[in-house]
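The values are calculated or read from the model by the stated rules, or taken from the named source; none is laboratory data. Given the structure is predicted, the values throughout are model-derived calculations rather than measurements. Virtual Cβ from ideal backbone geometry, glycine too; neighbours counted across all protein chains shown. These accessible areas exclude ligands, DNA and RNA; they are computed on the full protein's heavy atoms, side chains included. Shrake-Rupley method; radii C 1.70, N 1.55, O 1.52, S 1.80 Å.
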Amino acid sequence: MKGIIPIFLLLVAISPAFSQKEVFTKSSLAIQGYDPVAYFKESKPVKGKKEFSHSWKGAVWNFSNAQNLADFKTDPERYAPQFGGYCAYGVADGHKAPTAPDAWTIVDNKLYLNYDKSVRDMWNKSQSAYIKKANDNWAEVKKEKD
């Protein structure tokens, strides 16, 4: 029994070092606190509010109003950014990269985020090819440590 406790403590201590996040967050907030539903309804990034928050896939998602929160809870896969909110261009290139809430595009009713607007402009030149490549890469890329 005495040998089990140190092993358990060691596993607990090192597990964060080997953690992988499926959703890109800064301070546990997905999309840096922006409302994912607003991209679809208002065609722009809108900052969410703490009073309209929801935990999903290990991240806190903020919404600008109660209706957007309810819509997300009903169908989070519809509104959440593709590739966990990591840069779509980066995933196409085979790695995780952070994103900026104002570097976004909706393609075929799916939200894609990019590192910044200049990367988004490059990504937009061959969207369909990058989306295909990112979809092919995502299963492996999401396993990477941040």
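Report in % the part of the accessible area of the chain that belongs to carbon and sulfur, leaving out ligands and nucleic acids; probe 1.4 Å. Write out the running numbers ahead of the final one.
Details: 4640 of 8350 Å².
Roughly 56 percent, rounded to a whole number.
Magnitude of the Cβ-charge dipole of region 104-146, K/R +1 and D/E -1, about the Cα centre, nearest 20 debye?
Working: 9 positive and 7 negative charges, 10 e Å.
That gives region 104-146 a dipole magnitude of about 40 debye.
Leaving out ligands and nucleic acids, and using a 1.4 Å probe, what accessible area per residue does region 28-108 come to in Å²? Intermediate values should be presented prior to the final figure.
Working: 3530 Å² over 81 residues.
Roughly 44 Å² per residue, with all protein chains present.
Which one, (1) 1.06; (2) 0.95; (3) 1.02, gives Rg/Rh (Cα atoms, Kirkwood Rh) as derived from the coordinates shown?
Correct label is (1).
What is the magnitude of the charge dipole of the chain about its Cα centre, with +1 placed on the Cβ of each Lys and Arg, -1 on the Cβ of each Asp and Glu, and no other charges, expressed in debye to the nearest 20?
Working: 21 positive and 16 negative charges, 47 e Å.
It works out to roughly 220 debye.
Per-residue accessible area for Asp75 at 1.4 Å probe radius, Å² rounded to 10?
That residue has around 60 Å² of solvent-accessible surface.
For the chain, set up a GNM with springs between Cα atoms under 10 Å and report which of Val107, Val91, Val46 has the largest fluctuation.
Val107
Just the accessible area for Thr25, please: 1.4 Å probe, Å², rounded to the nearest 10?
20 Å²
Cut-off 10 angstrom, C-alpha nodes, Gaussian network model of the chain. Which of Trp56, Trp123, Trp104 fluctuates the most?
Result: Trp56 has the largest fluctuation of those listed.
Between exposed trypsin sites (Lys or Arg not before Pro) in the chain, where DSSP calls loop and at most 10 other Cβ atoms lie within 10 Å, what's the longest gap?
Values: sites that count: Lys2, Lys143, Lys145.
With a cap of 10 other Cβ atoms within 10 Å, the longest stretch comes to 3-142.
What accessible area, in Å² to the nearest ten, does a 1.4 Å probe give for Tyr89?
Here the residue's solvent-accessible area equals roughly 60 Å².
Grab the beta carbon distance between Lys132 and Ser27, set R0 = 41 Å, and tell me the FRET efficiency rounded to 0.05.
Values: r = 33 Å, r/R0 = 0.79.
Computed FRET efficiency for Lys132 and Ser27: 0.80.
For Lys143, go through the aspartates and glutamates and keep the ones whose alpha-carbon is under 20 Å away, minus same-chain ones fewer than eight residues off.
Once the sequence-local aspartates and glutamates are set aside, what remains near Lys143 is Glu22, Glu77, Asp93.
Just to confirm the number: angle between the C-alpha axis of helix 127-141 and the first principal axis of the chain, 0 to 90 degrees, nearest 10?
Here the helix axis deviates by roughly 10 degrees.
Springs between alpha-carbon pairs under 10 angstrom, Gaussian network model over the chain: which of Gly84, Gly58, Gly33 fluctuates most?
Gly58
Obtain the nm distance between the two label points defined at Lys125 and Asp146 by a simple spin-label model: each point lies 7 Å from its Cα along the Cα-to-C-beta direction.
Here the modelled spin labels are 3.0 nm apart.
Set the bar at 21 Å for Cα to Cα. Now go through Lys41/Lys145; Lys50/Lys73; Lys49/Lys73; Lys26/Lys132 and name every pair that lies beyond it.
Values: Lys41/Lys145 33 Å; Lys50/Lys73 15 Å; Lys49/Lys73 16 Å; Lys26/Lys132 27 Å.
Cα-Cα > 21 Å for Lys41/Lys145; Lys26/Lys132; rest within.
Quick check: pseudo-label points 7 Å beyond the Cα along Cα→Cβ at Glu77 and Thr105, how many nm apart are they?
With each label placed 7 Å out from Cα toward Cβ, I get 2.4 nm.
Tally Lys/Arg at +1 and Asp/Glu at -1 over every other residue whose Cβ is under 13 Å from the Cβ of Ser64; what's the total?
Neighbourhood net charge equals +1.
Stretched out fully, how many nm does the piece from Ala139 to Glu42 gain, at 0.36 nm a residue minus the Cα gap? Write down the numbers at each step before the final one.
Numbers: separation 97, 0.36 × 97 = 34.92 nm, distance 3.07 nm.
Fully extending the segment from Ala139 to Glu42 adds 31.8 nm.
Which of rounded, prolate, oblate describes region 72-113, given a ≥ b ≥ c as roots of the alpha-carbon gyration tensor eigenvalues and a/c under 1.5 marking rounded, otherwise prolate only if a/b is larger than b/c?
prolate
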